[in-house]
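Trainee: This structure is in structure tokens; I'll ask about it shortly.
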Amino acid sequence: DYVVVKMIPDNRLPPRHLHAVHTGKTFAVIKWESPYDSPDQDMLYAVAVKDLVRKTDKIYKVKSRNSTVEYTIKKLEPGGKYHVIVQLGNMSKESSMKINTVPLSAPDALKIITENDHILLFWKSLALKESNFNESRGYEIHMFDSLMNITAYLGNTTENFFKVSNLKIGHNYSFSVQARCLYGGQMCGEPATLLYDELGTGKDDSTTKPGQATDVAAIVVPVLFLLLVTLGVGFVVLYMRHRRLQNSFTAFANSHYSSRLGSAIFSSGDDLGDEDDEAPMITGFSDDVPMVIA
């Protein structure tokens, strides 16, 4: 035997499993489940959003018969902190959570230009990639001295550059630039950080240290010089050999020149051998035969 029991819905129960699905710069998607399974009628929820930075409240009404409800909270601020409360419209028990929106991005292309007694920080305007950023908000600049282990606030500006003076020799610094913090430093942008070494050269993580570049140059330059000298000597040697060969050939050709024929005569080894065999051997000269020298 069995019996079917139907429970009476209790509208005083809180929504279940409240959580954030996705959080952006100016919105947050939240989801929860009804206080009990399979509601048989529309349920009215009150979604209260408390801005923990500005100290303001907003209430939204959501009506749904689904067991799972998804809602998007809009018009939030980048880098904000919020407390979200969801409950039935009859002010039943509540479910709550805290969410933080995504802060503004860091400025791009942060660079350092070294002057005689100061440096200049340059970066791209954040408004180029952040539609929620207004240049009138400005930027703030911080500096970290690794030798003294001290972080200092240098100031803020609405420009895309900043002058830094009175740097100490032998100290390593890290500079950071970010969208200016609002409401007591609680709503800030992501910082762009750049290192500055004791030699006075700005660099980031992807650049090579100046000392390393100098060492490489000290090795490459002498090698190139030696190669050039070797090539020069080789050309001189080849030229001298060419001149000697040319002179030797000229002398050899002149020794075989026939004025009667007007050209040089060269004989092969076979011809020379045949002539030696046919020519009579000269053994000497007789005293009564006169010698004529032309």
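Trainee: One quarter of the convex hull surface, Cα atoms only: what value does that give for region 108-196 in nm²?
Mentor: Over all viewing directions, region 108-196 projects a mean Cα-hull area of 5.9 nm².
Trainee: Excluding ligands, DNA and RNA, what is the solvent-accessible area per residue of region 1-153 at a probe of 1.4 Å, expressed in Å²?
Mentor: Details: 9460 Å² over 153 residues.
That works out to 62 Å² per residue.
Trainee: Hey, another quick one. Would you mind giving the average projected area, over all directions, of the Cα convex hull of region 16-100 in nm² with one decimal?
Mentor: For region 16-100, averaging the hull's shadow over all directions gives 5.1 nm².
Trainee: Here's a follow-up. Among residues other than VAL53 whose Cβ falls under 13 Å from its Cβ, what is the net charge (Lys/Arg +1, Asp/Glu -1)? Please list the in-between numbers first.
Mentor: On the way: positive: LYS50, ARG54, LYS55, LYS81, LYS98; negative: ASP51, ASP57, GLU77.
Computed value for this residue: +2.
Trainee: Follow-up. Ignoring ligands, DNA and RNA, what percent of the accessible area of region 16-100 is carbon or sulfur (1.4 Å)?
Mentor: Here it works out to 47 percent.
Trainee: On a 1.4 Å probe surface of the protein chains, which of ILE150, ILE169, ILE112 comes out largest in accessible area, and what is the full order?
Mentor: Sorted descending by solvent-accessible area, the residues read ILE169, ILE150, ILE112.
Trainee: List the pairs from LYS55/LYS163; LYS81/LYS168; LYS55/LYS93 whose alpha-carbon separation is above 29 Å, in the order I gave them.
Mentor: On the way: LYS55/LYS163 36 Å; LYS81/LYS168 39 Å; LYS55/LYS93 23 Å.
Those over the limit are LYS55/LYS163; LYS81/LYS168.
Trainee: Give the accessible area for SER136 in Å² (nearest 10); use a 1.4 Å probe, count only protein heavy atoms, and leave out ligands, DNA and RNA.
Mentor: 90
Trainee: Could I ask something else about it? Taking Cα pairs under 8 Å and at least six residues apart, what relative contact order does region 12-56 come out at, in percent?
Mentor: Result for region 12-56 is 29 percent.
Trainee: Then there's this: Give the relative contact order (percent, whole number) for region 1-76; include only Cα pairs under 8 Å separated by 6+ residues. Intermediate results must be reported in sequence, preceding the final value.
Mentor: On the way: 113 pairs, mean separation 23.6, N = 76.
So the answer I get is 31 percent.
Trainee: Put +1 on the Cβ of each Lys and Arg and -1 on the Cβ of each Asp and Glu in region 1-138; which of VAL53, TRP32, VAL102 then has its Cα farthest toward the positive end of the dipole?
Mentor: The listed residue farthest towards the positive side: VAL53.
Trainee: Would you calculate the separation in nanometres between label points at VAL221 and TYR60, each defined as 7 Å from the Cα along the Cα-to-beta-carbon direction?
Mentor: Roughly 6.6 nm, to one decimal.
Trainee: Compute the relative contact order of region 108-196 as a whole-number percentage, counting only Cα pairs closer than 8 Å that sit 6 or more residues apart in sequence.
Mentor: For region 108-196, the relative contact order is 28 percent.
The values are calculated or read from the model by the stated rules, or taken from the named source; none is laboratory data. It should be emphasised that the depicted structure is a prediction, and the values quoted were computed from it without experimental measurement. No Cβ is skipped: glycine too gets one built from the backbone with ideal geometry, and neighbour counts run over all protein chains shown. Please note that ligands, DNA and RNA were not included when accessible areas were found on the heavy atoms of the full protein model with its side chains. Shrake-Rupley method; radii C 1.70, N 1.55, O 1.52, S 1.80 Å.
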